[in-house]
Every structure is written in structure tokens, then in C-alpha cells.
């Protein structure tokens, strides 16, 4: 019965976190669409550049928060409440200091370097960073306590407030008004979460605990920094080499790609603490096999169906609602296809971290980031269009996906027949999707083909669904009998 209850709780947590993240990211996607329409490509490019900076804010505490997420569940599992509280209190102190330090640095650079026309938005963005860090630390504390319902509610509340208030402010007052509204939304959510917390840890700095947290989280930190860098190198180089307008056009499909990546992110958010507890209790790497095999294969098959539908319908939204961004249709289709690669690498990367294989993950991501950065830099330097820039990200992500899968399978100790079966079951539906889109998908930017849109969806997604069910059954996701 306890085992059944634990499994039921995991399913509930996954469902709630997935729903909360999809609702919040759906709101953020709507907010992005509103900003793209209200600000235009140039203004939207400035906001996208701010988002690149924002993506790296969680790493300012030098891995202490990642260390807290890894150490505090173990302390809770062994009944050491004092150690768990000490980890959380020290991580909060470091996180607040780092967040306010980054905000001060951004404000100083804005005052010294930013043109007068964009100085006020960057100063408001610095204030947003400080308030956002407070909220993120509160959510991490709740995650370490496995209070996923509270995390989901706070996530939706923050997204709803910043979307509604921010959208109205952007419409009336432009980028500065939007940033001010987001600051107010972050402040309100942080206040509500702090009041609702049962026992929020008081920030307290303990040097020995800080060293332990940073030492534990440093490997995870480096791996995550490299992953974030790989995800944003194309946008960063576009901003530096071509300016905010080019970045604004390219960022619109990037919002869609980020939305697609929510499914693996939601699963990882919930499964990571459970995976740590499972490995700690059993002491066996084989306990990670179900997470590595069945969840990854399921993500591959579901992901292909979602990506096929998005590929065929992406241009309709742009042509109807954002006509200024028609040049973003072609790179958007490419980014939709490339998104499959990080989807299937999400769980293997998490398994590597949980089994202390951070060094392998760091090496893979470092090489993949270099490949991605080099390919994008050369492509932009040759004066290629945005679609070519999007294609230039594919080699690095392909290398990362395949190498991460192989490293995780080997580190977990799976025998070679199971490794081969899993690799085939992951990439076979992707090959089917690419072949069907090449044969029946839209070939021109506007999306016109001899096939109607319902016909394209039926021709592409129908065989893909049939092949996915067959492959999932054949390769063990839907086994007829228990597998050893």
C-alpha cells in the first residue's frame, strides 16, 4: 500500500506540474505574442535580449541552489530536519545576495553604456531581476519540500499577473510600462507566497554549509550553464551581429520551441527528487532504468506527433496575427523540427546527474555548445537568412542528443541489446516524421501545397501515430509481460 501511495503521489505531482507549467507557459506565449504585436520586431528584440540575460540569472548563486535541491531531499528522507533546514537557509542567503548583485551590475552597465533611448527599460529590467530572484528562491524551497501543488499555483499566478498587467501596460506605454507591470506582479506573488509558506527558512550564512552546497551543485551548475548557453547561442550571436530587429524576428518561433520543451521540463521537475530518493534507497543504478527507458521513449513518440502538427500549422498564426513577422515562418519550421533533439535528451541528462555522471554531461554539452556556436557564427558571417541560422543549430543539438543518450545508457549499466532497442525506438518515429514532412509538408514559406491542411495533417500524423503505437509496443514501452 505505501508503494502504491507513493506511485499515486508521483503521478499526481507530474500531472499537476505539467498542467501548471503548460498553463503558465501558455500565458507567457500569449504575452510574447502580445509584445511582438505591440512592440514590433525592434522593441521585441530588446525584450528578447533581456530574456537572454534573465536565462542566466539562476546560475548566479554558483550552484548553491542546485546543491540544496540535491542535499535537502536526502536529509528529509533520513529524518535529519536540522540539516535540511540549514541547507535551505544558507542557499536562500546566497541566492538573495547573488540575485541583488546581478541586478546591481545590470543597472550599473545600463547607466554607463546603454543609449539614452533604452536606458530606462534596462534599469527597470534590473529591478525585475531582483524581484524575480526572490520569487524563484521561494519556489525552489517549495520544490525541495516536494510541495508541487503550491509551486504550480504560484507559477500560474505569476504568469497570469505578468501577462494581463504586462500586456495592458505594453499596449498603453510600450516596453517600459510592460517592465514596470512585471515588477509589480513579481512583488505581489513573492509577498503572497511568503505569507502562505508554513515555515519559510530565514536566510542564514554558514561558511561550511555554503562550501558543501556549492561543491555539490557545481557539477550540476556547469552542466546547466552549458545547456542554457547552447539553447541561447543562436539568439545571442544574432543580437550581437545583426541587432535587435533580427533577434526580434527570430525570437518569435523560439517562444514556440520553448513551449514544446515544457513536457520534458515538467517531467524532470517532478521526477528528479523522486529519482534521487530511489537511487539513494536502493543503491543500484538499475533503479534508474525505468526513468531512462520508458519515459524517454514515450517523450519521443508524443513529441513527434506534437511537432508534426505544429510544423503544418505554424504559418497560419503568423499570417493571421503577426504579419510583420512573416520572415519568421521558415526559421520557425526548422526550430520546430530541431526541438525533438533536446526533448529526448532531457531525461537521460537528469539520470546522468542523479547517478553522479555530471562530468560526462559537462563534456558533451561543452562540445555541443562549441559546435553550435561555431556553426551559427559562420552562418551569420556568410550573410545567410534566418532559416539557415536555425539549421546551423541542428548539428550541435544532434550531437548533444545522441551523445547524452549513449552516455546515460552506459552510465546506468544497461546491456547492449537494450541500448540498441532504446536508440531505435527513440529515433525511428523522428525519421518517419521527417520523411512524411519531406513528402507531404508545405514547401514554400506561405505554406501552399497541392494538399489541403486537413489532408496534410491526416497524411503526416496518421501514419506517424500508427508507427508510434507499433514501435512503442515492439520496443517495450507497452510490454506484454514484465521485463527484467
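Can you say whether residue 29 is modelled with pLDDT of 90 or more, assigned to a helix (DSSP H, G or I) and on the phi < 0 side of the Ramachandran plot, as far as the supplied structure shows?
Values: modelled with pLDDT of 90 or more: no; assigned to a helix (DSSP H, G or I): yes; on the phi < 0 side of the Ramachandran plot: yes.
Answer is no for this residue.
Any chance region 268-286 includes a residue that's within 30 Å of residue 437 (Cα to Cα), in a helix (DSSP H, G or I), modelled with pLDDT of 85 or more and under 18 Å from the mean Cα position of the chain (by Cα)? Walk me through how you get there before you give the answer.
First, the residues of region 268-286 that are within 30 Å of residue 437 (Cα to Cα): 268.
From what is left, the residues that are in a helix (DSSP H, G or I) are 268.
Filter once more, keeping what is modelled with pLDDT of 85 or more: none.
No, there is no match, as no residue in region 268-286 is within 30 Å of residue 437 (Cα to Cα), in a helix (DSSP H, G or I), modelled with pLDDT of 85 or more and under 18 Å from the mean Cα position of the chain (by Cα).
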State whether one or more residues within region 305-314 are more than 22 Å from the chain's Cα centre (by Cα), in the same structural domain as residue 401 (by TED's automatic domain parsing) and either within 30 Å of residue 424 (Cα to Cα) or modelled with pLDDT of 85 or more (or both).
yes
State whether the residues of region 322-333 include one that is in the same structural domain as residue 254 (by TED's automatic domain parsing), at pLDDT below 90, surrounded by 21 or more Cβ atoms within 10 Å (Cβ to Cβ) and more than 15 Å from residue 442 (Cα to Cα).
no
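Rundown of residues vs (1) at negative phi; (2) out of contact with any helix residue (DSSP H, G or I) (no Cβ under 8 Å at 6 or more places or on another chain); (3) crowded, with 19+ Cβ neighbours inside 10 Å; (4) not assigned by TED's automatic domain parsing to the domain that holds residue 306, yes/no style:
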site: 252; (1), (2), (3), (4): yes, no, yes, no
site: 260; (1), (2), (3), (4): yes, no, yes, no
site: 270; (1), (2), (3), (4): yes, no, yes, no
site: 275; (1), (2), (3), (4): yes, no, yes, no
site: 278; (1), (2), (3), (4): yes, no, no, no
site: 281; (1), (2), (3), (4): yes, no, no, no
site: 284; (1), (2), (3), (4): yes, yes, no, no
Counting only residues that are assigned to a helix (DSSP H, G or I) and either surrounded by fewer than 22 Cβ atoms within 10 Å (Cβ to Cβ) or assigned by TED's automatic domain parsing to the domain that holds residue 356 (or both), region 74-85 contains a total of 8
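For the structure I just gave you, tell me whether residue 139 is crowded, with 21+ Cβ neighbours inside 10 Å, out of contact with any strand residue (DSSP E or B) (no Cβ under 9 Å at 6 or more places or on another chain) and on the phi < 0 side of the Ramachandran plot.
Numbers: crowded, with 21+ Cβ neighbours inside 10 Å: no; out of contact with any strand residue (DSSP E or B) (no Cβ under 9 Å at 6 or more places or on another chain): yes; on the phi < 0 side of the Ramachandran plot: yes.
It is false that residue 139 is crowded, with 21+ Cβ neighbours inside 10 Å, out of contact with any strand residue (DSSP E or B) (no Cβ under 9 Å at 6 or more places or on another chain) and on the phi < 0 side of the Ramachandran plot.
Is there a residue in region 195-203 that is part of a helix (DSSP H, G or I) and either under 19 Å from the mean Cα position of the chain (by Cα) or touching a residue at least 40 places away in the same chain (Cβ under 8 Å) (or both)? Working first, answer last.
Let us first name the residues in region 195-203 that are part of a helix (DSSP H, G or I), namely 195-196.
Now drop any that are not either under 19 Å from the mean Cα position of the chain (by Cα) or touching a residue at least 40 places away in the same chain (Cβ under 8 Å) (or both), which leaves 196.
Looking through region 195-203, at least one residue is part of a helix (DSSP H, G or I) and either under 19 Å from the mean Cα position of the chain (by Cα) or touching a residue at least 40 places away in the same chain (Cβ under 8 Å) (or both).
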Mind counting the residues in region 51-65 that are surrounded by fewer than 21 Cβ atoms within 10 Å (Cβ to Cβ) and in a helix (DSSP H, G or I)?
7
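Just the residues that are surrounded by fewer than 18 Cβ atoms within 10 Å (Cβ to Cβ) and in a helix (DSSP H, G or I), please, taken from region 101-117. Break it down into steps so the answer makes sense when it comes.
As a first pass, look at region 101-117 and keep what is surrounded by fewer than 18 Cβ atoms within 10 Å (Cβ to Cβ): 101, 104-105, 108-109, 111-117.
Correct list: 101, 104, 105, 108, 109, 111, 112, 113, 116, 117.
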Kindly evaluate residue 175 against the criterion of being out of contact with any strand residue (DSSP E or B) (no Cβ under 9 Å at 6 or more places or on another chain), closer than 17 Å to residue 135 by Cα, part of a helix (DSSP H, G or I) and at pLDDT 90 or above.
no
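The values are calculated or read from the model by the stated rules, or taken from the named source; none is laboratory data. Here the structure is a predicted model, which is why all the values come from computation and not from measurement. Here the Cβ is made from the backbone with ideal geometry for all residues, glycine too, and neighbour counts use every protein chain on show.
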